[in-house]
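K.L.:
Questions regarding the structure given below will be posed in turn.
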Amino acid sequence: MKDTQTKKLRLGRLSRRIIQHHLPLLAVLALSTFLFYRSLPQKDVIWKLSFVTAYSALLLLVATLLIGPWELLRGRRPGVSSDLRRDVGIWAGILGIIHTGVGLFVHLRGRPWLYFVYGKTERHHIFPLRHDLFGFSNDSGLIGTVILVLLLATSNDYSLRRFGRAKWKQLQRWNYLLFAAVALHSFGYQTIEKQRAPFVAVVIACVVITLLLQFYGFRVSRAGIARQRLSRV
């Protein structure tokens, strides 16, 4: 009886998440991606797909990091797991992985390994792994993708029950390292591609706003912990 009730509750919650989160996110992403894609003057389809998925994934990743501080600003204490934050993160992960797959064919068509190692024409480098800005940007992007896959794979109720709330939360905190890797990757490519000022401004704004609100959230959380300790004395 309990198993049946539990299944019904889980199905009901999943249905609500699909209706309230996933379908609206899918609709907004589809429309914004289409309009963004059509607005780019370049004719290269691969470059345009890489570009629009990169910025969409970045904005969604930033949203996952702003939901918690935003709840604190509203006077609410965010829980260990938030369906909205998790669902936004799922779409950030999907778009991030698509961006990685497409992006490996933008600059070096058919030779994705050259994003990470020097080619035959560059044998004057003793160390084969790329250690220029191009290599650094790709390495940070690869690190971010690995973390993204791990986070996406554990963004579900089964993983939450399997690891327990404390361990699961520690695992999800890798999102901060993911953000750092994505920021480095983004700034690197702003320089490599000599990106236009509005797009550079978007990346800078994402990083600055995230850092400010995360710092605010950190200060509020620390103050709350300090008050709890004092109340126990």
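Quick note: the coordinates plus some simple rules give every number you see, no bench work behind them. Remember, it's a predicted structure, so these values are computed and weren't measured experimentally. Note that each Cβ is placed from the backbone with ideal geometry, even for glycine, and that neighbours are counted across all protein chains shown.
K.L.:
Between Trp113 and Leu142, what length in nm is gained on full extension when 0.36 nm per residue of separation is reduced by their alpha carbon distance?
P.N.:
Taking 0.36 nm per residue and subtracting the Cα distance, the gain is 9.3 nm.
K.L.:
Which value in nm describes the separation of the simple spin-label points at Lys169 and Ser32, placed 7 Å from the Cα toward the beta carbon?
P.N.:
2.9 nm
K.L.:
A further question on this structure: With the cut-off at 32 Å, tell me which of the pairs Lys48/Lys120; Lys48/Lys167; Lys7/Lys169; Lys169/Lys194; Lys48/Lys169 have Cα atoms farther apart than that.
P.N.:
Violating the 32 Å Cα-Cα cut-off are Lys48/Lys167; Lys169/Lys194; Lys48/Lys169.
K.L.:
Would you mind telling me which residue in Ala201, Ala180, Ala63 has the biggest mean-square fluctuation in a Gaussian network model of the chain, where springs connect alpha carbons within a distance under 10 angstrom?
P.N.:
Ala201
K.L.:
If you find the alpha carbon centre of the range 52-105 and of the range 180-205, how far apart are they in angstrom?
P.N.:
That distance is 18 Å.
K.L.:
I've got another one for you. Report, to the nearest 10°, how far helix 174-192 tilts away from the longest principal axis of the Cα atoms in the chain, using its own Cα long axis and a range of 0 to 90°.
P.N.:
30 degrees
K.L.:
Under the rule of at least 5 residues apart or a separate chain, name every residue whose amide H is placed under 5 Å from the amide H of Val117.
P.N.:
Amide H neighbours of Val117, under 5 Å, 5+ apart: Arg130.
K.L.:
Something else about it: Please determine, in degrees from 0 to 90 and to the nearest 10, the orientation of helix 2-17 with respect to the longest principal axis defined by the Cα atoms of the chain, where the helix direction is its Cα long axis.
P.N.:
Between helix and principal axis, roughly 50 degrees.
K.L.:
Another one. How big is the Rg/Rh ratio for the chain, C-alpha atoms only, Rh by Kirkwood, two decimals?
P.N.:
Rg/Rh for the chain comes to 1.03.
K.L.:
Could you work out how much longer the chain between Ser82 and Leu212 gets when fully extended? Use 0.36 nm per residue separation minus the Cα distance between them, nm to one decimal.
P.N.:
Roughly 44.7 nm would be gained on extension.
K.L.:
Specify the residue with the greatest mean-square fluctuation among Gly217, Gly135, Gly164, computed from a Gaussian network of the chain linking alpha-carbon atoms under 10 Å apart.
P.N.:
Gly164
K.L.:
GNM on the chain, C-alpha springs below 10 Å: top fluctuator among Phe36, Phe163, Phe51?
P.N.:
Phe163
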